[in-house]
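Accompanying notes for the structure given below.
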Protein chains: 2
Amino acid sequence: MTAKEAKSWLHIHKELLRRIRDRDYAPGALIPGEVELAAEFGCARTTVNRALRELSEAGLVTRRRRAGTRVAVNPPHKATLTIPIIREEVELRGASYRHVVIGQSVRPVPPQLGAAFPLPAGCDVLYQQALHYADERPFVYEERHTNLATAPGLKDVDFTRISANEWLVQNAPFTGGDMSFHAVNADAELARYFECPPETALFAVDRSTWDTTAPITHVRMIYAPGHRMRMSL
Amino acid sequence: MTAKEAKSWLHIHKELLRRIRDRDYAPGALIPGEVELAAEFGCARTTVNRALRELSEAGLVTRRRRAGTRVAVNPPHKATLTIPIIREEVELRGASYRHVVIGQSVRPVPPQLGAAFPLPAGCDVLYQQALHYADERPFVYEERHTNLATAPGLKDVDFTRISANEWLVQNAPFTGGDMSFHAVNADAELARYFECPPETALFAVDRSTWDTTAPITHVRMIYAPGHRMRMSL
DNA sequence: TAGTGGTCTAGACCACGGC
DNA sequence: CCGTGGTCTAGACCACTAT
C-alpha cells in the first residue's frame, strides 16, 4: 500500500501484469478499483485507467461498471497478424519480386463463390490469375474476382506493371472483410506452376473484402510447397 | 473549421476515418495537429489525442514528434486472431467435445525441433499425442513436447480428464511465443486417424511458447480434412 | 531551438448495472 | 440507489526531432 516510485502507466501496466502472472491476483478474482490503485501507486486515476484499459484490450482482465475489474479466468490469447502486400512479403525475405499475369477476363460472377461474394447472379466481375515470384521461383498463385462496380478505373490499369493485390489495397479501401486459411492438394495446373508433384499439400488463403454495402474483391492465394505463415504471440 | 457538435473521441475517430477513406486527407499527407483539431472539434486536446492514438494503433496514420501525423501510404491491414482452446473451438460450433490420449512418454528432446524448442540436447521432455473429437468425428490431431522443468506438477495430471492444451493454458502462463500455419500431406498414421486417403492436404498449426527464459511447450496441431481457420478483418 | 506528440494531473460528470 | 468504470477538461511538463 505504500506509494510506489513509478508514475507512468507503463510501469503500472507491467506491475499489474506481474501480479496476474504470479497469481498475486488469482484468476477470476476481483482486483482493487481504480481509486484504490491510484492511491497505492501515488498517481492520478486517469493513469491507472490507461494501464487497466490496455490490460482489458489484451483480454487479460474483464471490466464492468459497478462490478469492478476481474482477472480473466483463462486469458484468450490473441495474435495480431499483419496482412502484407505480396511484393513486400517477398522483399522482406530479401528476395527480388516479379509477377506475371496468367489470365484476365470479364465474366459473370461464378455461383460457387456464394456468400463469399454476395453479388446478384449475372453481374460481371473481373477474373484474374497471376503468379508471383520470389527470386525467380514461384512463390504464390493468385486467383481473384473483383466487382467492377466498386472499383472504378479498374479496367484502365496495366496489371503487368502493378499487381492487382497492390492496386486494390491503394485504391479500393474496404470497411470490412474476412479471411480463412486452409490446405489444398495441388491439381495439375498448380503442380505445373510450382513444379511439384500433383497432390502436394499447399497452404491457401481466401480473402473477401467489401465496402459498406457491396463486395469489392475475393481472392484465393495458394503458396508454394512448404510455405509457412508466421506470427508472434 | 466551425465547431462540431461531437465531443466524444469516438465521434472524432469516426470523422477522421471518413476523411482518410474519402481522401479528404490524402495518403501520405500531413493532417492537422492535435491543437488545431481540438479547436475544430471544440474539445480538449486529450480527446483528439485519444482518437489519433487509436488510428495510429490501427496503423492508419503514422505519428512522430515534431514531424506531425501523416496518413499511412498503404495501410498495413491487421487482423487479430484469438487462439482458442480446442474444446471451446469445438463447442463454439455446437458440437460435443471429447479427446483421447494416444500416447504419452518421457523422452529426450528431439533435435529436429531445433530453434522452435531451444533446450539443451539430452534434456527430457514430455511427449504426448492426442486426438480431439467433435461430435464423435476426429477434429484435430495434436502432437506436443513439453519442458518438464517449466511445468511443475505436469506429471501428476490426469490428461484423460483435461487436455494438455487446456491444462497448460491455465497453469503455465507464457510471456512469449510464435505460431505458424502450413499445409501437410496426410501420412499413413494421419490417414488412419482421419479416415481419409493418404496424401490428403491437411491444415496444420505449429505453436511454441516460452516463459521469460525457458521454453514451455511446442505443439503441432493437424486439423481434419477441409478445415478452415476463419477470422474477420 | 522551436514545434509536435506523449503523458500526467486533479477534478468533474455521466452511464451502466449490481444491490 | 449508488459504486464502479468511461470519459472529458484545462493545464502542464517532457521527449523527441526537423529545421
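Nothing in this text is a laboratory measurement; each read-out follows from the coordinates by a stated rule. Just so it is clear, the structure is predicted and the values come from calculations on it, not from any experiment. Cβ placement follows ideal geometry from the backbone for every residue including glycine, while neighbour counts extend to all protein chains displayed.
The table for this structure:
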quantity: Dipole magnitude (debye, nearest 20) for segment A:36-166, charges at Cβ of Lys, Arg, Asp, Glu; calculated: 840 debye
quantity: Value in Å of the Kirkwood radius, where the protein assembly as shown supplies the Cα pairs that are averaged; calculated: 25.4 Å
quantity: Kirkwood Rh in Å, taken over segment A:27-122 so that all alpha-carbon pairs contribute; calculated: 18.9 Å
quantity: Value in Å of the Kirkwood radius, where segment B:81-121 supplies the Cα pairs that are averaged; calculated: 13.6 Å
quantity: Normalised alpha carbon radius of gyration of segment A:161-233 [divisor 2.2 N^0.38 Å]; calculated: 1.31
quantity: At 1.306 mPa s and 10 °C, Stokes D of chain B from Kirkwood alpha-carbon radius, µm² per second; calculated: 74 µm²/s
quantity: Above-threshold pairs, the threshold being 21 Å between Cα atoms, out of A:78/B:78; B:14/B:78; A:14/B:155; calculated: A:14/B:155
quantity: Segment B:122-185: translational diffusion in µm²/s, Stokes-Einstein, Kirkwood Rh over Cα pairs, 4 °C, 1.567 mPa s; calculated: 95 µm²/s
quantity: Other protein chain Cβ atoms within 10 Å, averaged over every residue that makes up A:77-85; calculated: 6
quantity: For residue B:59, inter-copy label distances in nm, listed shortest first [label point 7 Å out on the Cα-Cβ vector]; calculated: 1.8
